[in-house]
Amino acid sequence: MDFFHLSGVLGDNSAKGRIGRSLLYIFIAGIVLRLFLGPLSFSFDMSFFVITGAGFESGRTLYEAGNFYYPPVYGYFLSALTYMWNFLPFQSGYMSELLVNSTAVSDFSQVYISSMALVFVYKIPLTVIDLACSWLIYVMVKEKTGDRRKAEIGFALFFLSPLVLWSSSVACMFDSLSAFFMIFSIYSLTKNQYLLSGAMLSLAFFTKLFPIVIGFAVICYIISRSEGRWKEVFKKTAMYAAGFAIAAAIVLLPLVLNGELSSSFGFFGDRTEGTSSGGGGLLDFFANPTPDKFIYAFPIMFLLIAIFSMLAFMRDGDDDKKLVMASVISVCTLFIWPPIPTYPVIAIALIALAVAYCGRREWLIPWLLFSILMVVHHILNFGGRILYTLANETSLLDLGSTVAKYFQFLPLSWDIMYYTLLALFIPGIACIIAAVYSIKHEGEAET
Amino acid sequence: MKTGTLYILAVAVVAFMVAGQVMAYGANPYHTSSDSWSVYGGIGYEVSSNTSSNYDALLIDTGIYIPDGLMIYEDSSYVSYFDQSYMLETTDLLCSELSLRNVEYTIVDAEQIRAELEEDISNGSADMRLIIPVGVLPDTIYDGGPDSLILKWLETGGVLYWTGYTLGCGISSVSGVYERDSGYAADFLGIADQDIRKDPYVSSLYATEKAEDYCIGESMSIMYNDSTFGINTQNLTDYISIGFTSSGYDSLVLAKYQGGDGMIVVFGGKPAINTMPTIAQVIASKLTYCSVIAEHDSGKLFHSSERGTMETDPSKIYSLYIYVGTPQIYARTFDH
C-alpha cells in the first residue's frame, strides 16, 4: 500500500491519479511479462543453485557442496530462501536421461530439468528484488527532481528493461540484487549517509564484484562535496570505509571461521583461467572476445574509469548528478569488453538514473543496445534449452524432440553466436560515445 | 525517502541475509534420518525429513559381503596427471558427499595404503575399501608385476574404486608417472588391453546408449556417461554395467577381480567435481558386480516420516540403501 501511496495512486487530484495509474500500469506490465516468461528457464544454470540449496539441506555450508561460483551475499539469501521453500510441497526438478549426450559428461547439472513449480517460486524473490531496485530509482529520482513523471520513467527503464526481465525471469540470475545495493549506496551517499553508503557498496561488491568500480566516483564525490576541506574529506572517507569494512566483516566472518574465504573468490580464477590458454595474436584476441579475457582489458578500463570519473567531477554543477554520471560511465566502461549477458543489469539501473534524474537522453541508446544485444546473444547461447521445463511438464512440446532440435541447431547457433558475440562490443562503444558526449555537454541536460 | 526509512530497509535486508548466514554456518535447521530393523520374513525401514524431498529405498541383493569403511588415496608428493589443487578440491567434495551418505572414510597417502593393504593381506580379508581417484597407482602398492600388493589385496577380497585414467596403466612415484605398455588389463580384469580405452589426449568419449544394467543405475539416480577410460565388457564374465556405452566402451562397470574374490569398480572418466556425487552414491550403496535390486520403494517426504517393509530371503546378503533428495541430501546403508 505504502508503495502506491508514494507513487500517487491514492492521491487526491486527477493529475496525481493519472500519474499514479501510469506507475501501476508499468508495474502490471512488468509482472505480466514476468509471468509470461515464467515457464522458461535455463535449468543448467538453475542446477547450481539447486545443488547449493540441497547442500544447505544436507547440513553443508555455502561453498561445501562445490557449486556456488559467486561471492557469498546471494548465497546467504539463497540459504534463507531455501528454508522458506521447504515449507512448500514441490520437487525441485528431475534428472532426464534424454539430456545425456555425447558432448558433455552427464553430471547432475547436465541432466537436470527444473520443475515448473520451482521455476515460478524461484523467480518470486528475483522479481521482488527487481521491484525493490526499480522503486529505489523511482524514490531517488522523485526526491531529487520532484517530478513524478521522471521518476516513473526511471522505474520503467529498469523494471521493463528486456535485459532485466531476461536476467531475473529466464536466466534466473541475481544481478538485480547487486544493482539494488549499488543504487542504495548511491542514494544513501547523496543523503550524506556515508556509513550506510559504504556498507551498501560492500554488499553490492560481495554480491557481484562489478559495483566496486564506482569507488572512484565516490571518492571524487566526497572531495567535491567537502569543497576542499581535507579534514572533512578524511572524516567522510573514514566513515564510508568503516561502513564498507563493517559490512564486509559481517559477510566474510563465517567464511573466515570456516576456512572458505578462498572458495568465495575462487570463481574469479575459474572465469579468467581460460584466457591463459587462448594463444593467437591480437586479431584472434578481439575476434573471439569471450568474457574470460576481460581480465586483459581491465587495465585499460581501469584507466578510463579513473579519467572519466575525474572529468565528470571537474565540471560545474550538481554533485549528486555528477556522482550518478560518473557511476554510470564507470560501470558501463566495465562492459566495453563483452560480458556474460546478464552482467550489464547493473548498468541498466544506472542508465535509468542517468536518463530520468540527470536528463541524459543519449544514454537511451546504450540502454537499448544492452537490452537487445545481450538478450539476443543469450537466447542463442541457451537455445531450446529454456523450453525443457515446459516440454517436460506440459503437452505443448515433446521433450525428446525439443532436445533433438537443440542439438540439431547447435552448430548453426554457434556460427551465429560468433557474430552476436562480436556485436556485444557495440553497447560498450555506445557507452563511451555517450560518456564523452555527456561530459562535453554537461550543462545541456534535459530538465 | 526519510533517512530513518532508509536505515530500516537496510536493516531488514541485512537481517534476512544474516538469517541465511546463520542457517548455513550456524544452526542447521534441517534434519533427515532413517532407520531399519528386522521383521518376520523381511525388514522394516523408516525415513523422515523436515524438508520437502523425494526418497528412495533400495533393497540390494549384493551377493557378496562389502566392508563399511573406505580409504581415499591422496598424496600430493606423488605425481599424477591432474593438478594437485584441483585434486584436493575434488577429494574434499568426495569426502563431503560421502559424509552426507554416512560413509566412514580415512584419507591415506602412499605409505599408509601399503601398511593397510599389508595388514589386510596378513589377516586374510579386506576390512576397508579403497578409492584411487587420480588414475595412477602409487608404486608402494603396484610395480606392474603379478605379486604387487594391490593384486594380492584384491585376491583376498579387496574392493577398488577407480577413476581418472586407464585402469592399472600408470604407476606413480614421487618423481613421475611410468606407464605400462601392456598387460595391465589382464592383471586386473583378465581382458585384453584394448578392452580398456586409452586415448585421452585424442578425445573424450561421452557415451549415449544405455548400458545393459542401466536400470540399476537409474534406480539409484545415476546417469554417468564418461567412457573416456571405459571398459569393453565383451570378454568379462562377472560384472554389471550401470552407466552408458558408446563405441563398445562402458562408462561405469563393476567387475569381479580376475584373480580372486575382490571387486573393481571403474568410473571411466576423469575426476571431476560434479561427478563426485555419483561416485559417492555407488560407494555408499555397496553395490557389487553381482547385485540385483530386490525391491525399490520411493515416495515423497514433506516434513514427515514414511515407513515400509520389504521381503528378504535369509540365505542372501542384502544392503538397504535409502537416499533422499534430487540431488541427494542424505543417504544411509543398512546391512541385512
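Rounded to the nearest 20 debye, the dipole size of chain A about its Cα centre is 1140 debye, using +1 on the Cβ of Lys and Arg and -1 on the Cβ of Asp and Glu. Placing a pseudo-label 7 Å from each Cα along the Cα-to-Cβ vector at residue A:307 and residue B:298 gives an inter-label distance of 6.1 nm.
Note on B:224-230: average number of Cβ atoms from other chains within 10 Å of each residue's Cβ is 3. Largest mean-square fluctuation among A:310, A:200, A:95, in a Gaussian network model of chain A whose springs join Cα atoms under 10 Å apart, belongs to A:95.
Computed from Cα atoms, the angle from the helix A:175-190 axis to the main principal axis of chain A rounds to 10 degrees.
Work out the length of the dipole vector of the protein assembly as shown about its Cα centre, built from +1 on the beta-carbon of each Lys and Arg and -1 on the beta-carbon of each Asp and Glu, and round it to the nearest 20 debye.
In debye, rounded to 20, the protein assembly as shown gives about 4920.
Within the range A:124-244, all pairs of alpha-carbon atoms sorted by distance into 10 Å bins from zero give the percentages 14, 39, 33, 12, 2.
Shielding by partners for peptide A:130-138, expressed as the average number of C-beta atoms from other protein chains within 10 Å of each residue's C-beta, is 1. Scaling against 2.2 N^0.38 Å puts the C-alpha radius of gyration of the range B:192-286 at 1.00.
Scanning the protein assembly as shown for cysteines with no neighbouring cysteine C-beta under 4.7 angstrom from their C-beta gives A:133, A:172, A:220, A:358, B:95, B:169, B:215, B:290.
Ordering B:13, B:222, B:249 by the projection of their Cα atoms onto the charge dipole of chain B, which places +1 on the Cβ of Lys and Arg and -1 on the Cβ of Asp and Glu, puts B:13 at the extreme positive end. Using just its DSSP H runs of length 4 or more, each adding -39500 (n - 2.57), chain B gives a mean residue ellipticity at 222 nm of -7500 deg cm²/dmol after division by all residues.
Annotation: average projected area of chain B is 21.2 square nanometres, based on the convex hull of Cα atoms across all directions. Note on chain A: GNM, Cα springs under 10 Å; of A:162, A:89, A:72, the largest mean-square fluctuation is that of A:89. For residue B:312, the residues whose modelled amide H falls within less than 5 Å of its own, excluding neighbours fewer than 5 places apart on the same chain, are B:42, B:43. For the residue pairs A:405/B:210; A:150/A:236; A:236/A:322; A:123/B:2, the C-alpha atoms sit more than 24 angstrom apart in A:150/A:236; A:123/B:2.
Go through B:153-161, A:407-415 and give me the packing order, highest mean Cβ count within 10 Å leading.
B:153-161, A:407-415
For chain A, adding -39500 (n - 2.57) for each run of n ≥ 4 DSSP H residues and dividing by the number of residues yields -22500 deg cm²/dmol at 222 nm. Scaled to the globular estimate 2.2 N^0.38 Å, the Cα spread of the protein assembly as shown, given as radius of gyration, is 1.06.
Projecting label points 7 angstrom from Cα along Cα→Cβ for residue B:86 and residue A:103 puts them 2.1 nm apart. The distance from the alpha carbon centre of the range A:308-375 to that of the range A:38-68 is 32 Å, rounded to a whole number. Any chance you could give the angle, 0 to 90 degrees and rounded to 10, that helix B:3-25 forms with the longest Cα principal axis of chain B? Tilt of helix B:3-25: around 40 degrees. With one equal scatterer per alpha carbon and no solvent term, the Debye-computed log10 I(q)/I(0) for the range A:38-444 at 0.08, 0.09, 0.13, 0.14 1/Å reads -0.44, -0.56, -1.17, -1.34. The stretch between residue A:286 and residue A:265, if pulled fully straight at 0.36 nm per residue, gains 4.9 nm over its current Cα-Cα span. For residue B:257, the amide hydrogen comes within under 5 Å of the amide hydrogens of B:262, B:263, B:264, counting only partners 5 or more places away or on other chains and with H modelled in the peptide plane.
Provide a whole-number value for the mean count of partner chain Cβ atoms within 10 Å of the Cβ atoms in peptide B:88-94. Don't jump to the answer; show the numbers that get you there.
Working: counts 0, 3, 1, 0, 4, 4, 1.
For this peptide, the per-residue mean of nearby foreign Cβ atoms is 2.
The residue list A:69, A:169, A:348 was ranked by how far each Cα lies along the charge dipole of chain A toward its positive end, using unit charges on Cβ atoms, and A:348 comes out on top. Largest mean-square fluctuation among B:134, B:79, B:253, in a Gaussian network model of chain B whose springs join Cα atoms under 10 Å apart, belongs to B:79. Note on residue A:429 and residue B:15: their simple-model spin labels are 5.1 nm apart, each label 7 Å out from Cα toward Cβ.
Computed from the coordinates by the stated procedures, all read-outs in this text should not be read as laboratory data. All values reported here derive from a predicted model rather than from experimental measurement. Note that each Cβ is placed from the backbone with ideal geometry, even for glycine, and that neighbours are counted across all protein chains shown.
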